[in-house]
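Input: a single structure, listed below in structure tokens.
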Amino acid sequence: MYHQPWRRRLGWWLAATLSGGALITAVLVPAAPAAAACTSIPSTADPNVLKTVYLTATGRQVTDRVLLATFEAGWVESHMNNLPCGDLDSLGVFQQRSHYGSTAQRLNVGWATNAFLDRAIPVAAAHPSWTAGQVAQEVQRSAFPARYDQAQAKALELIAVARSLVGPSLPLRPLCHPVAGDWDGNGTETLGVACKNGHGIRWNLMNFNGGGSPQITGSYGNSDTCLPVTGDWNGNGKDTIGVACKNGHGIRWSLINAFNGSPSYPEFGFGNSNTCQPVTGDWNGNGRDTIGVACKAGNGISFSGMNSHNGGSPQVTGGYGNSNTCHPLTGDWNGNGKDTLGAACKNSHGIRWSLTNALNGSPSYPEFGFGNSNTCQPITADWNGDGRDTIGIACRNGHNLRWSMMNSHTGGSPQIEAGFGNGDTYQPTGGWGGPTWPTWPNT
């Protein structure tokens, strides 16, 4: 069975998670058959472009200098408008040439912003003393290199406008939540993603820990209100899927013994959607995964679980970890058939792992470091089929997810690596993504 930050099988919601809303890459202008010179450029910025550029950049945790470079470039090139025209074959908010991508891509404001950032982020990192304008110039390669720094005051003004346009909002959510499970019943848990697909959730799963086309696909759940979970609900040795959905202040659970279709059990309520994150695991060692919640309790994390697919008073309780810095984990760390608790905690830019073979108490293994807390989400599973769950991370790598896993309760070089899934984020406008504790990583 596999386990993620909130065990077993719940994708990372990040404290950034699936929730309703439009993709931040959705500001589109119909593509022109060929770029034509602009006869005029609007004198004011397009509010939709401002919001999309801002959300895309902040979604990648860019520094203030890179954010400023992005807005300086956007103002100088287009006055922050998505122009279907430009010099030679230049198009879009950043007036990108055809070697950047297709016409449709360059006229997709989110895509164009990511293309700018893919160049600006490493440039800024390599030249810490450069101004934002110098970073923008290195990306844009303008014949007028001073223009970007000269636009600093206007760019700062536009950043403030964009921030006000966005307003109070839910944290950015991952477009795809990493999941893991033993989908084919061979004893080894493998990777997958549960991705926002309109208002639904699309599941793409692999039967080995590598990339390529998904070997299992399915659709289940509402991305506006539900978070993905996985488990072996009927004890047949195969993991399948489910969702934990906001229902007022509660959490409504829907589990299925397949990858499509109707729920296999009556839906039920368990947990508080304001303070609790859904987790799953085999708490009593009977071979069936059931549900639980890990809830913020002051500075700590409390745990409540059920040994059946229904609500009511919790049959299993405990607590482990610091809710200010740690994501809850679950897994069978010692191979005895029972899932217990753990925590993956922010430690500067790293992740510190703490695992216990109980539902409370002290760590059962020396704590260790593995992964980058700025870009990676913790996930756990039995990656090699030896009966013990170990740790892993799914990390943003450009627009993709890069997976690194260990077969032991230690850090070091990853023993399994793979690329699979989309690492982009989006800005929800409503719905539920789970509570926002802890705040890392801010994808």
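General remarks:
- The combined condition, being without any contact (Cβ under 8 Å) to a residue 40 or more places away in the chain, open to solvent by 10 Å² or more (accessible area, probe 1.4 Å) and not in a loop (DSSP other than H, G, I, E, B), is not fulfilled by Pro128.
- Meets criteria (modelled with pLDDT of 50 or more and under 30 Å from Thr330 (Cα atoms)) for Arg8: no
- For segment 134-181, a residue qualifies if it is open to solvent by less than 10 Å² (accessible area, probe 1.4 Å), assigned to a helix (DSSP H, G or I) and farther than 19 Å from Leu50 by Cβ, and exactly one does: Val135.
- Just one of the numbered conditions (1) under 18 Å from Cys245 (Cβ atoms); (2) open to solvent by 20 Å² or more (accessible area, probe 1.4 Å); (3) in contact with a Ser or Thr (Cβ under 7 Å, 6 or more places away or on another chain) is not true of Asn307: (1).
The rows are residues; the columns are (1) over 30 Å from Gly285 (Cα atoms); (2) at pLDDT below 95; (3) not small (Gly, Ala, Ser).
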residue	(1), (2), (3)
Glu138	yes, no, yes
Arg141	yes, yes, yes
Ala151	yes, no, no
Gly181	no, no, no
Asn207	no, no, yes
Thr217	no, no, yes
Gly231	no, no, no
Gly242	no, no, no
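- The single condition among (1) assigned to a strand (DSSP E or B); (2) surrounded by fewer than 17 Cβ atoms within 10 Å (Cβ to Cβ); (3) not basic (Lys, Arg) that Val193 does not satisfy is (2).
- Among the residues of segment 395-415, those that are open to solvent by less than 10 Å² (accessible area, probe 1.4 Å) and at pLDDT 95 or above comprise Trp403, Met405, Met406.
- Complete set of residues in segment 277-296 that are at pLDDT below 95 and either more than 26 Å from Asp182 (Cβ to Cβ) or among the hydroxyl-bearing types (Ser, Thr, Tyr) (or both): Lys296
- Restricting attention to segment 237-263 and to residues that are closer than 17 Å to Asp224 by Cα and assigned to a loop (DSSP other than H, G, I, E, B), the residue that is most open to solvent (accessible area, probe 1.4 Å) turns out to be His249.
- Within segment 357-386, being among the acidic types (Asp, Glu) and closer than 14 Å to Gly331 by Cβ holds for Asp382, Asp386.
- Among the residues making up segment 331-340, a single one is outside any loop (DSSP other than H, G, I, E, B) and open to solvent by less than 10 Å² (accessible area, probe 1.4 Å): Gly331.
- Yes/no for Gly200 being touching a residue at least 60 places away in the same chain (Cβ under 8 Å), closer than 27 Å to Ile393 by Cα and either touching a helix residue (DSSP H, G or I) at 6+ places or on another chain (Cβ under 6 Å) or surrounded by fewer than 21 Cβ atoms within 10 Å (Cβ to Cβ) (or both): no
- Unmet requirement for Asn222, which otherwise passes all of (1) within 20 Å of Thr380 (Cβ to Cβ); (2) open to solvent by 30 Å² or more (accessible area, probe 1.4 Å): (1)
- Pairs with Cβ under 6 Å, 6+ apart, first in segment 270-296 and within 16 Å of Arg388 (Cα to Cα), second open to solvent by 10 Å² or more (accessible area, probe 1.4 Å) and β-branched (Val, Ile, Thr): Trp283/Val316
- Meets criteria (aliphatic (A, V, I, L, M), surrounded by fewer than 21 Cβ atoms within 10 Å (Cβ to Cβ) and touching a strand residue (DSSP E or B) at 6+ places or on another chain (Cβ under 9 Å)) for Ile216: yes
- Within segment 319-330, being open to solvent by less than 20 Å² (accessible area, probe 1.4 Å) and either over 16 Å from Pro278 (Cβ atoms) or modelled with pLDDT of 95 or more (or both) holds for Cys326, Pro328, Leu329, Thr330.
- Residues satisfying the criterion are absent from segment 81-89 (criterion: assigned to a helix (DSSP H, G or I), open to solvent by 50 Å² or more (accessible area, probe 1.4 Å) and out of contact with any Lys or Arg (no Cβ under 7 Å at 6 or more places or on another chain)).
- Segment 343-381: number of residues that are closer than 29 Å to Lys238 by Cα, open to solvent by 10 Å² or more (accessible area, probe 1.4 Å) and in a loop (DSSP other than H, G, I, E, B): 6
- Cβ pairs under 7 Å, 6+ apart, first in segment 392-420 and among the polar types (S, T, N, Q) and part of a strand (DSSP E or B), second modelled with pLDDT of 95 or more and open to solvent by less than 30 Å² (accessible area, probe 1.4 Å): Ser404/Gly392; Ser404/Ile393
The values are calculated or read from the model by the stated rules, or taken from the named source; none is laboratory data. Computed from a predicted structure; not experimentally measured. Every residue, glycine as well, gets a Cβ built from its backbone with ideal geometry; the counts of neighbours run over all protein chains shown. Each accessible area value is taken on the protein alone, full model and side chains, heavy atoms only, with ligands, DNA and RNA left out. Shrake-Rupley method; radii C 1.70, N 1.55, O 1.52, S 1.80 Å.
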